[in-house]
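Working notes, beginning with the structure itself.
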Amino acid sequence: MARDPSSSIEIRVLSKRGSNVIHPVEVDTPPLLPSPSPGPVPVVYREIKHFKKWVPWLIPSFVVANIIMFGITMYVNNCPKNSISCIADFLGRFSFQPFKENPLLGPSSSTLQKMGALDVSRVVDRHQGWRLITCIWLHGGVFHLLANMLSLLVIGIRLEQEFGFVKVGLLYVISGFGGSLLSGLFIQENISVGASGALFGLLGGMLSELITNWSIYANKLAAFLTLVIIIAINLAVGILPHVDNFAHIGGFLSGFLLGFVFLIRPQFGWVSQIYASPEHSTSPKPKFKTYQCILWVASVILLIIGLTLGLVMLLRGVDANDRCSWCHYLSCVPTSKWSCKTEPAYCLSNQIGNQLNLTCSSNGKSSIYLLADPTSSQIQGLCSQLCN
């Protein structure tokens, strides 16, 4: 049977993101002019737009908030007042702790604890569960902050443009919470800070988005290699003190599951049929493919079970290191340049005139300082240096 050329309509899809992804967009189609002579009617190209581009503002706001919190933390730290020596003295009270105490150019452990770092003993014994959230807005130092914020801008803005601030915001916060839970199960003595768990949640979400929306990607290998490079850089930073790789892992797993829930796209056949004319419509296609629905349901179930089980275990004081004696090396590798003991130090002090005698309770080291009427913050700062 011959096909009527006058009713032929072709749907054409263009990409605004180069050859990486198929992205339907809408452009103006020139009007058809009447044909001066009999002949076939020209084909009408109908451009469609389904995926909305969002203006990113939440991720930049998160970056500003993290930078402000780091500035406040350094102001509270006040190294010249609380330590004998500081790095970058010209910065005044914003100067950094000695490199041996904090190689990331940042504050002391006691300051981070005061500002809301994750301290399992306080979460369990003092019911300070809010630390599971506040710790993701703190950073151990300048290097830690820069690595996280640059990665957050590169990854987060792209996701917010594609999926909006609500989904990306929930992905960020819930992943950070998941990272804190896993960190709390393994980091029983040391404190933990960093937005790395939330950042790795975005990375995990990108990976699951690549899987669940597999058919729309033209260059899958390039997207995969980009993820691997960013993950490798952040894992390398994670072996330093004050940075927690357990938060990275927990955040990545949480974000990976959340990506199947929040970052799912309708299949292209469903998008095409809503623009097709009735005479060209075929059998209706569901909005999502079967494997997308299966992944969505499985991810929701696993996420609820994982977060609930992790929270219950943490509040009951379960130490996951009892079942994995070597796992602590995933978070910090000790060297001659730094120690992995980032918990607040405790010292025995004795003041005789201008002479202050300190003895570290953990390693037994002693030292004498000439200080007249030292404050408790100064003693704590000296104690931290002595015990590291």
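The values are calculated or read from the model by the stated rules, or taken from the named source; none is laboratory data. For clarity, every value in this text was computed on a predicted model and none was experimentally measured. Note that each Cβ is placed from the backbone with ideal geometry, even for glycine, and that neighbours are counted across all protein chains shown.
Descriptive notes on the structure:
- Residues located in the stretch 162-176, provided they are farther than 18 Å from LEU227 by Cα and assigned to a helix (DSSP H, G or I): PHE163, PHE165, VAL166, LYS167, GLY169, LEU170, VAL173, ILE174, GLY176
- Here GLN97, GLN161, GLN128, GLN113 are screened, and the one residue that is more than 25 Å from PRO334 (Cβ to Cβ) and in contact with a Pro (Cβ under 8 Å, 6 or more places away or on another chain) is GLN161.
- Of ILE368, ILE305, ILE352, all but one fail to be assigned by TED's automatic domain parsing to the domain that holds GLY176, at pLDDT 75 or above and either out of contact with any Phe, Trp or Tyr (no Cβ under 6 Å at 6 or more places or on another chain) or surrounded by 15 or more Cβ atoms within 10 Å (Cβ to Cβ) (or both); the exception is ILE305.
- Candidates LEU104, LEU118, LEU138, filtered to the one that is touching a Ser or Thr at 6+ places or on another chain (Cβ under 6 Å), under 24 Å from TYR346 (Cβ atoms) and at pLDDT below 95: LEU118
- Considering residues of the stretch 41-65 that are in a loop (DSSP other than H, G, I, E, B) and surrounded by 14 or more Cβ atoms within 10 Å (Cβ to Cβ) only, the residue modelled with the highest pLDDT: PRO56
- Single residue of VAL271, VAL228, VAL261 found to be at pLDDT below 70 and assigned to a helix (DSSP H, G or I): VAL271
- Filter result (more than 18 Å from GLN378 (Cβ to Cβ) and either part of a loop (DSSP other than H, G, I, E, B) or not assigned by TED's automatic domain parsing to the domain that holds LEU159 (or both)) within the stretch 66-99: ALA88, PHE99
For every residue, the table says whether it meets (1) farther than 23 Å from GLN385 by Cα; (2) touching an Asp or Glu at 6+ places or on another chain (Cβ under 7 Å).
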| site | (1), (2) |
| --- | --- |
| SER83 | no, no |
| PHE90 | no, no |
| SER108 | no, yes |
| VAL124 | yes, no |
| LEU150 | yes, no |
| GLY156 | yes, no |
| GLN161 | yes, no |
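- Search result, residues across the stretch 294-333 that are small (Gly, Ala, Ser) and in a helix (DSSP H, G or I): ALA298, SER299, GLY306, GLY310, ALA320
Okay, residues lined up against (1) crowded, with 18+ Cβ neighbours inside 10 Å; (2) within 29 Å of GLN188 (Cβ to Cβ):
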| site | (1), (2) |
| --- | --- |
| GLY116 | yes, yes |
| ASP125 | no, yes |
| LEU132 | yes, yes |
| CYS135 | yes, yes |
| LEU138 | yes, yes |
| LEU145 | yes, yes |
| LEU153 | no, no |
| LEU159 | yes, no |
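- Pair list, Cβ under 8 Å, 6 or more apart: the stretch 178-194 residue modelled with pLDDT under 90, other residue among the basic types (Lys, Arg) and surrounded by fewer than 24 Cβ atoms within 10 Å (Cβ to Cβ): GLU189/LYS341; ASN190/LYS341
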